[in-house]
Amino acid sequence: MSHQSQLKLLCLLFGLLTPIAGFAADIDGSSLSLAWGIPFVGILLSIALCPLLIPTIWHHHFGKITALWSILFLIPFAMTFGMDNSVGLVAHAMFAEYIPFIILLFSLFTVSGGILVKGNLHGSPALNTGLLAIGALLASLMGTTGAAMLLIRPLIRANDNRKHRVHVIIFFIFLVANIGGGLTPLGDPPLFIGFLKGVDFFWTARHMLMPVLICTLVLLTLFYLVDSYYYKREDEIEPRDPTPDSKLRLYGKVNFILLFGVVASVLLSGFWKPGIEFSVLGVHIELQNIARDLLLLVIAGLSMMLTAKQIRSSNQFNWEPILEVGKLFAGIFITIGPVLAILRAGHQGHMAGLVSLVSDPQGAPINAMYFWLSGALSGFLDNAPTYLVFFNLAAGDAATLMGPMQQTLLAISMGSVFMGALTYIGNAPNFMVKSIATQSGIKMPSFFGYMKWSFGILIPLFLVLTVIFFLG
């Protein structure tokens, strides 16, 4: 196609889109059938089941499968509600939620991938507990994915002369890949979704501090006892250490400065309110959010420029994880639109049964149910869209949820973050950690074998949290 033809095509597309640029999709959820949620559920079930049932096909074609579900939603939606509503819905999903979400993950993933820990330490109970504690703290600063990818290999190397290592990886998933990320919107995708919806950055830190602290201290104490039990066994230490102890060295230190830049960029968008906004296909985008996203992209670019290629090579850094997240969540954010509209309809919508479960006869929220329902779905589906569903079910308004309904928001935040640890598929880093451990020769439990550990340890802990925070 010639440059002139391309220009004509662009002008034609612009002309087609211009009449709907000011149109905001606003579908009446009370009139929507639950059938409109099938593509959304289809994507989530594909994420949950395909890696287990058809792993090879899923690995090579997950993007196509997600795109197929999205098309199966968009074509009937456009035919039923018109092109204006369809474009408005997709534009809102992309510009208001998906693009900021994926840019933050991309920035954290790129910067954390430029930090390399070399060397090896002796995997004693004290050292392992210390590494888990450090990882839990870092998870809220650099994201659960970043912290998990930074520390999982050093932890495996430290314990590669021990016979019992499965419990080390399992507690690592509990603490570093999930619960540790509960203090800031940077830590876990659900909390950043809340930040994009208007939840104050420091609201999360203040209200999630005590639940995260309780879980972390309980799990670290339990881990130390379990690890000490195995460590004291006579046959625990292998006669030959594959990676003898050596001094730890840290490379790519400039990326720690860039991590502070990521934090500052997110904080900037929360505090700086110039009152300037732009409209793109009917979506109002505020200047501070544009500035944040551009800064995050610049920081990611600086990380790539300033980090030696050998460091990323030693980290086995590649773009596959972020590409997978990007493709999957594009489909999720597009297809979730009708589900959110139905939830906003409340008792007038076709999810009135779910609304009834989390509300008493007077309409007041039952916070314990919000905690357990958002958590149960987070464990078996994915915690970011689950958070979004229950956020909208509760009120859909950040000011209300941070005010008179703050315990409800706390319940949703705790459930979405903490119970992502219940299965391998509850949060993106879980399966990544499991795969790295398996490649390193650790015989990790099956899907249901892991659940014996998670249910046996975490469910009693979550019951205690329910009593402390939602039944008192």
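The values are calculated or read from the model by the stated rules, or taken from the named source; none is laboratory data. Everything numeric here is computed off the predicted structure, so don't read it as measured data. Neighbour counts are summed over all protein chains in view; Cβ atoms, including those assigned to glycine, are modelled from backbone coordinates with ideal geometry. The accessibility values were calculated without ligands, DNA or RNA, using every heavy atom of the protein model including side chains. Shrake-Rupley method; radii C 1.70, N 1.55, O 1.52, S 1.80 Å.
Among the residues that make up the stretch 407-415, is at least one of them in contact with a helix residue (DSSP H, G or I) (Cβ under 8 Å, 6 or more places away or on another chain), surrounded by fewer than 23 Cβ atoms within 10 Å (Cβ to Cβ) and over 20 Å from L213 (Cα atoms)?
Looking through the stretch 407-415, none of the residues is in contact with a helix residue (DSSP H, G or I) (Cβ under 8 Å, 6 or more places away or on another chain), surrounded by fewer than 23 Cβ atoms within 10 Å (Cβ to Cβ) and over 20 Å from L213 (Cα atoms).
Among the residues of the stretch 432-446, which ones are under 17 Å from N178 (Cα atoms) and either open to solvent by 20 Å² or more (accessible area, probe 1.4 Å) or not in a helix (DSSP H, G or I) (or both)?
M432, K434, S435
Are any residues in the stretch 257-272 modelled with pLDDT of 85 or more and farther than 14 Å from S107 by Cβ, and if so, which ones?
W272
Checking I99 against (1) of a type in the set (A, V, I, L, M); (2) touching a Leu at 6+ places or on another chain (Cβ under 9 Å); (3) assigned to a helix (DSSP H, G or I), only one condition comes out false. Which one?
Only one criterion is unmet by I99, namely (2).
Enumerate the pairs (first residue in the stretch 226-240 and under 13 Å from N128 (Cα atoms); second residue anywhere and at pLDDT below 85 and surrounded by 11 or more Cβ atoms within 10 Å (Cβ to Cβ)) with beta-carbon separation below 7 Å, excluding pairs fewer than 6 apart on the same chain, so at least 6 apart or on different chains.
Y230/E236
Can you tell which of P429, P460 is more than 25 Å from A341 (Cα to Cα), assigned to a helix (DSSP H, G or I) and modelled with pLDDT under 85?
Residue meeting the stated conditions: P429.
When both residues are 6+ apart or on different chains and their Cβ atoms are under 9 Å apart, which pairs have a first residue that lies in the stretch 132-157 and is buried (at least 21 other Cβ atoms within 10 Å of the Cβ), and a second that is among the basic types (K, R)?
Pairs that qualify, where the first residue is buried (at least 21 other Cβ atoms within 10 Å of the Cβ) and the partner is among the basic types (K, R), are I156/R165.
So is F201 among the aromatic types (F, W, Y) and out of contact with any helix residue (DSSP H, G or I) (no Cβ under 7 Å at 6 or more places or on another chain) or not?
It is false that F201 is among the aromatic types (F, W, Y) and out of contact with any helix residue (DSSP H, G or I) (no Cβ under 7 Å at 6 or more places or on another chain).
Could you list, in sequence order, all residues of the stretch 351-364 that are in a loop (DSSP other than H, G, I, E, B) and either modelled with pLDDT of 85 or more or touching a Lys or Arg at 6+ places or on another chain (Cβ under 9 Å) (or both)?
Matches in the stretch 351-364: V358, A364.
Just checking, which of P100, P55 is touching an Asp or Glu at 6+ places or on another chain (Cβ under 7 Å) and on the phi < 0 side of the Ramachandran plot?
Sole residue among the options that is touching an Asp or Glu at 6+ places or on another chain (Cβ under 7 Å) and on the phi < 0 side of the Ramachandran plot: P100.
Evaluate the following for A384: is it open to solvent by less than 10 Å² (accessible area, probe 1.4 Å) and within 14 Å of the chain's Cα centre (by Cα)?
yes
In the stretch 233-256, what residues are out of contact with any helix residue (DSSP H, G or I) (no Cβ under 7 Å at 6 or more places or on another chain), among the aliphatic types (A, V, I, L, M) and surrounded by 13 or more Cβ atoms within 10 Å (Cβ to Cβ)?
Of everything in the stretch 233-256, just one residue is out of contact with any helix residue (DSSP H, G or I) (no Cβ under 7 Å at 6 or more places or on another chain), among the aliphatic types (A, V, I, L, M) and surrounded by 13 or more Cβ atoms within 10 Å (Cβ to Cβ), namely I237.
What residue, of I334, I311, is under 18 Å from F95 (Cβ atoms), outside any loop (DSSP other than H, G, I, E, B) and either among the basic types (K, R) or in contact (Cβ under 8 Å) with a residue 12 or more places away in the chain (or both)?
I334
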